[in-house]
Every structure is written in C-alpha cells, then in structure tokens.
Amino acid sequence: VSDKGVPAALFMMSSRTLLKGAAIGTESPAEALREVNSLLFDDNEASMFVTVLYAVYDPATGEFTYSSGGHDAPLIVHADGSSTLLPLTGGVVLGIVPDFPFEQHTVTVAPGDTVILYTDGVTEAMNSNRDEFGIERLQQVFASSPPGDSRDANRTVFNAVASFAGDTPQSDDVTCVTLQRREPAS
C-alpha cells in the first residue's frame with residue numbers, strides 16, 4: 001500500500017476485503033484484479049494504491065495461475081538450486097488506472113520447486129553503501145543450497161537480507177511468502 005499510517009491501513013483493509021469478495025466470484029486472477037481495481041478506483045480521492053500478486057494454485061497438477069497488479073515477479077527455485085523469474089503480466093498498481101485489462105499467466109510448478117513471493121522490501125533492502133539487495137542476490141541465495149521446505153526458504157531470505165543490510169535502517173517491510181510443491185510419496 002502506498003503511504004503509511006491510518007489512511008494506508010484503512011486502504012489495505014478495504015483492499016483485502018475486496019480481494020476476498022472477488023475470490024468468491026471468480027477463479028481468474030486477472031478478472032479478480034480487474035474487479036478490485038475498478039472498485040478501488042471509484043472511491044479513491046487520495047490517489048492511494050496497492051500492489052498485488054494474485055495467484056491460484058492447484059496442488060494436484062502444480063498449475064500456478066497468476067496476475068500482477070504492479071507487484072514484483074515471483075521466483076521459482078528449482079530442486080537443483082537453479083531459479084526462474086516468472087514473466088510479469090503487465091499489470092499496474094490497483095486503484096489508479098480505471099478499466100485496466102489485467103492479464104494472467106499459468107506455469108506448472110514441478111515437484112520439489114519452491115515459489116517465492118516477496119515484497120519490494122526484499123529486493124530494495126539497502127546496505128551501508130546504499131547498494132540494493134536485488135533480484136540477483138535473491139536468486140544466488142538458493143544457488144548452492146535449495147530450500148528444504150517453505151519455512152526454510154523464508155528463513156533463508158530473511159537471514160540473507162539481514163546479513164546484507166546489517167544495521168542499516170530499512171524504509172520498507174521485508175515480507176516473503178513461499179509455496180513448495182512436494183515430491184510425490186513413493
């Protein structure tokens with residue numbers, strides 16, 4: 001959410017409520033973002049906005065369908081430690097541009113893959129030299145040691161960012177959500 005304080009908290013609450021309502025009405029991430037964007041725009045005199053990555057995951061098939069509302073691209077870390085940055089869907093932040101035609105992509109998450117969703121507070125975390133952590137460092141974190149599970153992935157990201165930033169104050173939250181498709185039981 002843009003801004004800070006009570007207005008931002010109220011805008012976030014409205015955004016979450018609208019997203020939950022949209023999720024009931026459609027299985028399409030792009031359609032859900034279109035609907036929420038329209039509703040937020042209609043009553044947004046303060047020109048606030050929110051970034052969103054909306055995804056639907058089918059654990060049986062591994063299908064991960066997503067649409068971005070101005071959010072950073074998801075990262076898939078493969079079981080061998082290599083990673084793939086998923087293509088953005090061209091979406092804009094929600095609440096600013098009326099009638100925006102959101103698009104969505106579908107990828108298959110393979111057994112052993114971990115999907116990492118993160119806020120810009122991860123990639124924009126700065127160290128004392130004002131260098132940003134960046135997507136390349138995020139990918140390198142897992143290159144030599146893929147995550148054991150989702151908790152391990154989150155812990156690894158948080159520890160890497162904290163180690164990189166040191167005591168440098170950060171201006172944004174560092175948030176990470178992970179999803180790991182497990183290997184089929186043998």
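Here, each number is a calculation from the coordinates, and none is a lab measurement. Bear in mind that the values here come from a model prediction, so they are computed numbers and not experimental data. Every residue, glycine among them, receives a Cβ derived from its backbone with ideal geometry; neighbour counts consider all protein chains shown.
Things worth noting here:
- Under-5 Å amide H pairs with Glu63, H placed in peptide plane, nonlocal only: Asp58, Val109
- Computing volume of the Cα convex hull per residue in Å³ directly from the structure and comparing it against (1) 124; (2) 158; (3) 184 singles out (1).
- Full-extension gain in nm, Glu132 to Asp167, via 0.36 nm per residue minus C-alpha separation: 11.2 nm
- Calculated FRET efficiency for the pair Ser38/Arg16, C-beta based, R₀ 22 Å, to 0.05: 0.85
- For the range 50-88 and the range 152-170, distance of Cα centres in Å: 21
- Shape analysis of the range 1-101 based on the Cα gyration tensor places the equivalent ellipsoid semi-axes at 26, 15, 12 Å, largest first.
- Across the range 5-180, C-alpha contacts under 8 Å between residues 6 or more apart give a mean separation that, scaled by the residue count, equals a relative contact order of 20 percent.
- By the combined test of axial Cα extent (at least 30 Å) and Kyte-Doolittle hydropathy (mean at least -0.5), the qualifying DSSP H helices of the chain come to 5-25.
- Radius 14 Å from Cβ of Leu33, net charge of other residues (Lys, Arg +1; Asp, Glu -1): -2
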